[in-house]
Amino acid sequence: MTWIIGLALLTWAITHFYLRGEDLSLYDNPRPEPFSNRPPSQKHKTIVESLSGFSEMVHGVPPRQHLALSRNHMDGFGRDVKFDGEIIPWNDGAVKGEWVVAAGADSRRRMLYIHGGAYVMGSSLSHRAITTRFANMLGGAVLAVDYRLMPEHSRRDGIEDCRAAYQWIINHGPAGSEPADRVYTAGDSAGGNLVLALSAWIRDQGIRAPDAVIAFSPATDSTFTSPSWTSNLASDPMLGPQFGRFARIPLWLLWWGGWITSRIPPSSPLVSPAFGDLSRLPPTLVQASEAEMLLDDACRYVNKACAHGSPAVLQIWPHVVHVWQFFESELPEAKEAFEQIHRFLEQHGSLPVMDTPS
């Protein structure tokens, strides 16, 4: 009986002092006003309706085939993207991806883009709508990294790939060895998690920091303690149906499950950048939707970064879907988001003179 009590106490201590992490509720406020109060457009409603199409597509398909279908479906978003530039496959021998190079680009102006997809799907192909937009904005080259995905690989493998890709673009462009003049990093959702964790690692390694960092709807807390993780469950048409079942699982079970599967405690800054040291970070712009489950992940990260002296900015839009910037060719809110990104990058590094995005 004594050993059972001891094991229970040890489990409780590990859960609360090792897996849970610090209380981030101190950083729930302030929260900026949304950029617009316009009602959802018909195009936005159409996008929301299309999100239910995948559930119908996999209906009756064996669960073991769902991941392959999900990956193929997501890659399909990038296959028809039009781009007046060049797309060049990239492979440094260990990590793969593609260069997205704007027409007439200055190859010394570069961005590393890290795609989302819940760490299990997504690719440089799937996110061409975003990477081509960034390439044109910068008048430069974007390296979209195809980091290794779970479950075939570990979470740590993907982290290492992103680190290697960043170190590469500092001194290599699409044509080979060439020191960078300006370097930016960006990512969405899971990629936002990876790009924010990368910022702290770059600082700690003492290597050249990005001139600016952009994160779309980033996941910053793998302990799932942000209030919007549950309060926005019903209002998030993308993440709600995918992850709603996890909201019904006790948090302590999620923490142990995450630790066992990834061998990284969920409170570790490796997978929860909001729990790390957020001082001395580069200028960072975070954009999120008021309606999404990851809203408070974004809010807490930015407020903590600001409290620790780092120049971070949070911008939010009402009602829009998770990573709505993906639909820049269709949604006025996405156009607004990229206009704000352009202004932010103008403040933190020279950009080519260009017209306001239409």
* **Two-site label geometry, Asn91 and Ile260: point separation in nm, points 7 Å out along Cα→Cβ** => 3.7
* When ranked by the protection proxy of mean other Cβ atoms within 10 Å per residue, highest first, what sequence do the peptides 264-273, 29-38, 231-240, 124-133 form? -> 124-133, 264-273, 231-240, 29-38
* Asked: Between Ala247 and Leu26, what length comes free when the chain is fully extended (0.36 nm per residue of separation minus the Cα-Cα distance, one decimal in nm)?
  -> 77.3 nm
* segment 197-257: trypsin sites (Lys or Arg not before Pro) in DSSP loop, at most 10 other beta carbons within 10 Å -> none
* Asked: Given C-alpha coordinates of the chain, what is the ratio Rg to Rh with the Kirkwood estimate of Rh?
  -> 0.96
* Structure fact -> If unit charges are put on Cβ atoms (+1 for Lys and Arg, -1 for Asp and Glu) and the dipole of the chain is taken about its Cα centre, the option from Pro151, Ser126, Leu233 lying farthest towards the positive end turns out to be Pro151
* Asked: Given labels modelled 7 Å from the Cα in the Cβ direction, how far is it in nm from Thr2 to Ala307?
  -> 4.3
* To do: Just round it to a whole percent: the fraction of Cα-Cα distances in segment 109-244 exceeding 25 Å.
  => 27
* Structure fact -> Per DSSP, the loop-located trypsin sites (Lys or Arg not before Pro) within segment 22-122 having at most 16 other beta carbons within 10 Å are Arg79, Lys82, Arg108
* Pop a pseudo-label 7 angstrom from the Cα along the beta-carbon direction at both Ile207 and Thr46 and give the gap in nm to one decimal. => 4.3
* Estimated dipole of segment 63-108 in Debye, rounded to 20 [Cβ of Lys and Arg +1, of Asp and Glu -1, Cα centre] -> 300
* Taking R0 as 22 Å, what's the FRET efficiency between Arg64 and His153 from their Cβ-Cβ distance, rounded to 0.05? -> 0.75
* Structure fact -> One would report the antiparallel percent of DSSP beta bridges in the chain, rounded to the nearest 5, as 35
* Asked: Any idea what the dipole of the chain comes to, in debye rounded to 20, about its Cα centre with Lys/Arg Cβ at +1 and Asp/Glu Cβ at -1?
  -> 540
* In Å, what is the Rg of the alpha-carbon atoms in segment 67-129, and how long is Dmax? -> 12.8, 38
* Structure fact -> Highest mean packing first, using Cβ neighbours within 10 angstrom, the peptides 163-172, 138-147, 307-316 sort as 138-147, 163-172, 307-316
* To do: Mind sorting Phe216, Phe338 by how few other Cβ atoms lie within 10 Å of their own Cβ, fewest first?
  => Phe338, Phe216
* Structure fact -> Per residue, the convex hull enclosing the Cα atoms of segment 164-274 spans a volume in Å³ of 129
* Counting only C-alpha contacts under 8 Å and six or more residues apart, can you give the relative contact order of segment 131-223 as a whole percent? => 21
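Quick note: the coordinates plus some simple rules give every number you see, no bench work behind them. None of the values given here were measured: they were computed from a predicted structure. Heads up, the Cβs are rebuilt from the backbone with ideal geometry, glycines too, and the neighbour counts pull from every protein chain shown.
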